[in-house]
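Undergrad: Structure provided below as structure tokens; questions to follow.
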Amino acid sequence: PTTAQQRGIAFAPMPFAAISFLSSSYVIYHLLFQEPQKRKRLYHRLVLAMNFALLFMSVSNFWGAMAVPEGTPKYAGAMGSMETCTAQGFMNIMLAMTVATYYASLVLQAFLGIRNNFNEEKYRWIEIPIHLLAYCIPCAYATLIALTENINPSGTGCHYAKAPRGCESDPDTCQRGQDIGYFIYIVGLSQMFVYFIFPPSVIMALHRWMKKVEKEKSKRHSGRGMTIVRDKARKEMMHSVYLQIAIYLLSFWFTWVLGLINIVYEILTRQTSYNLNILANCVYNLQGFVFMVVYFTLQKMGRGPKVEDLHTTFSSRECPHGLSVCDIRSNAERKAENGVEEVANNVAENFNIFDGVPDPDSPWARFMYSD
């Protein structure tokens with residue numbers, strides 16, 4: 001790389017890591033001090049744990065090239081030692097997997113929540129296994145990489161690599177790094193599963209189940225009165241679900257896709273695109289900021305329709321000339337609905353697939369479970 005590219009690799013990602021650190025700090029502050037009652041729900045506890053991991057990952061990313069042993073060729077800003085390089089690489093490897101595991105767990109939590117009408121007593125058991133999975137396996141993996149001397153200068157700092165850089169093409173010239181190739185392939189495929197297969201698979205299962213429920217409910221009722229109101233509400237809530245899912249997936253992949261493209265490019269061409277590398281690392285270092293935006297965006301989304309508004313629309317469309325037989329029939333149907341709409345009239349529907357509330361206040365329960 002040129003001198004300018006070396007400086008770009010070393011220093012360009014730092015401001016983005018700082019932004020990520022501040023973003024994760026704010027989410028932690030929000031959940032610990034501004035709205036501590038949110039921690040009663042599993043979703044927010046998982047978000048809190050993920051942001052603690054993001055906080056330390058941002059520190060490691062900001063550390064960057066400064067952790068590389070001083071005097072390492074082609075590394076601007078290198079002022080560390082082999083010990084600092086190993087420490088930073090350990091954090092990079094472990095926390096990248098930890099954050100991805102927590103983010104993937106959010107959609108699992110959403111799926112189980114919707115299936116159980118957000119009654120956490122039925123699925124709270126997943127919390128401890130998620131924490132163990134998020135830390136124990138990544139820690140064991142990073143420990144093995146460190147013990148086999150496979151944490152060396154790579155990319156913007158230290159990561160899995162052999163030393164000196166580029167010696168993989170001629171292993172006899174490598175001074176550090178034992179051969180653990182098959183293990184790396186297995187772990188790499190596992191990471192791809194967590195990043196790109198598990199979340200959409202759970203979402204597809206959720207989508208199929210929701211469509212099945214919606215179809216069954218639509219067939220069960222005649223198409224008039226309050227049932228039309230409810231059917232319309234279901235469709236609007238399904239649209240909200242799809243939008244929330246799109247934001248969840250695209251934001252997760254957004255921070256990883258450029259890095260993946262960069263890796264594929266290097267494998268296929270056996271060349272390094274330093275400009276792409278710089279851009280990919282800048283985007284990757286924004287994870288804390290991106291996830292903060294997604295967290296608060298999803299909190300504000302899912303505004304479902306209020307039953308009173310939909311019913312007013314229905315009545316005015318069907319009965320334009322004041323009180324009529326249609327009005328009387330509609331009123332009778334409303335009374336027969338066991339007060340479902342009476343409750344909904346006073347509540348602005350907030351349907352968040354990640355952070356729902358159990359009966360009797362759940363919009364999901366009113367529009368998907370209530371007959």
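The values are calculated or read from the model by the stated rules, or taken from the named source; none is laboratory data. Just so it is clear, the structure is predicted and the values come from calculations on it, not from any experiment. All Cβ positions, glycine included, derive from the backbone under ideal geometry; neighbour counts span all protein chains shown. With ligands, DNA and RNA removed, areas are computed over all heavy atoms of the protein, side chains included. Shrake-Rupley method; radii C 1.70, N 1.55, O 1.52, S 1.80 Å.
Undergrad: Look at the stretch 118-142 and say how many of its residues are open to solvent by less than 50 Å² (accessible area, probe 1.4 Å), free of Cβ contacts under 8 Å to residues at least 60 places away in the same chain and of a type in the set (G, A, S).
TA: Count: 1.
Undergrad: Checking the condition basic (K, R) and free of Cβ contacts under 8 Å to residues at least 40 places away in the same chain, which residue from R208, R165 passes?
TA: Details: R165 fails: free of Cβ contacts under 8 Å to residues at least 40 places away in the same chain.
It is R208.
Undergrad: Let me ask another. Counting only residues that are polar (S, T, N, Q) and surrounded by 23 or more Cβ atoms within 10 Å (Cβ to Cβ), which one in the stretch 84-100 is nearest to H207 (Cα to Cα)?
TA: T98
Undergrad: Shifting gears a bit: Find the residue count for the stretch 170-189, including only residues that are in a helix (DSSP H, G or I) and either touching a residue at least 12 places away in the same chain (Cβ under 8 Å) or under 27 Å from the mean Cα position of the chain (by Cα) (or both). Even if it seems obvious, please write down each step before you answer.
TA: Of the stretch 170-189, the ones in a helix (DSSP H, G or I) are 171-173, 181-189.
Add one more test, that the residue is either touching a residue at least 12 places away in the same chain (Cβ under 8 Å) or under 27 Å from the mean Cα position of the chain (by Cα) (or both), and what stays is 183-189.
Summing the residues that are in a helix (DSSP H, G or I) and either touching a residue at least 12 places away in the same chain (Cβ under 8 Å) or under 27 Å from the mean Cα position of the chain (by Cα) (or both) in the stretch 170-189 gives 7.
Undergrad: Would you mention how many residues in the stretch 140-167 are among the charged types (D, E, K, R) and more than 34 Å from the chain's Cα centre (by Cα)?
TA: 0
Undergrad: Looking at the stretch 268-301 only, could you name the residues that are over 30 Å from D355 (Cα atoms) and either out of contact with any helix residue (DSSP H, G or I) (no Cβ under 8 Å at 6 or more places or on another chain) or surrounded by fewer than 20 Cβ atoms within 10 Å (Cβ to Cβ) (or both)? Reasoning before the result, please.
TA: Going residue by residue through the stretch 268-301, those that are over 30 Å from D355 (Cα atoms) are 268-282.
Of everything in the stretch 268-301, those that are over 30 Å from D355 (Cα atoms) and either out of contact with any helix residue (DSSP H, G or I) (no Cβ under 8 Å at 6 or more places or on another chain) or surrounded by fewer than 20 Cβ atoms within 10 Å (Cβ to Cβ) (or both) turn out to be L268, T269, R270, Q271, T272, S273, Y274, N275, L276, L279, C282.
Undergrad: Something else: Can you tell me which residue in the stretch 177-223 is modelled with the highest pLDDT, limited to those that are under 25 Å from M238 (Cα atoms) and open to solvent by 90 Å² or more (accessible area, probe 1.4 Å)?
TA: Per the criteria, the residue is M204.
Undergrad: Modelled with pLDDT of 85 or more and outside any strand (DSSP E or B), is that true of I137? Walk me through it before giving the result.
TA: Numbers: modelled with pLDDT of 85 or more: yes; outside any strand (DSSP E or B): yes.
The answer is yes for I137.
Undergrad: Determine if the stretch 42-60 includes at least one residue that is at pLDDT 95 or above and touching a strand residue (DSSP E or B) at 6+ places or on another chain (Cβ under 9 Å).
TA: yes
Undergrad: Hey, among L22, L31, which residue is farther than 19 Å from L132 by Cα, open to solvent by less than 10 Å² (accessible area, probe 1.4 Å), hydrophobic (A, V, I, L, M, F, W, C) and at pLDDT 95 or above? Write out each step before concluding.
TA: On the way: L22 fails: open to solvent by less than 10 Å² (accessible area, probe 1.4 Å).
Answer to the check: L31.
Undergrad: What's the number of the only condition in (1) at pLDDT below 95; (2) of a type in the set (S, T, Y); (3) open to solvent by less than 20 Å² (accessible area, probe 1.4 Å) that Y75 fails to meet?
TA: Result: Y75 passes all but (3).
Undergrad: If you don't mind, there's one more thing I want to ask. Restricting attention to the stretch 1-19, which residues are open to solvent by 60 Å² or more (accessible area, probe 1.4 Å) and assigned to a helix (DSSP H, G or I)?
TA: Going through the stretch 1-19, the residues open to solvent by 60 Å² or more (accessible area, probe 1.4 Å) turn out to be 2-4, 7, 11, 15-16, 19.
Result: T3, A4, R7, F11, P15, F16, I19.
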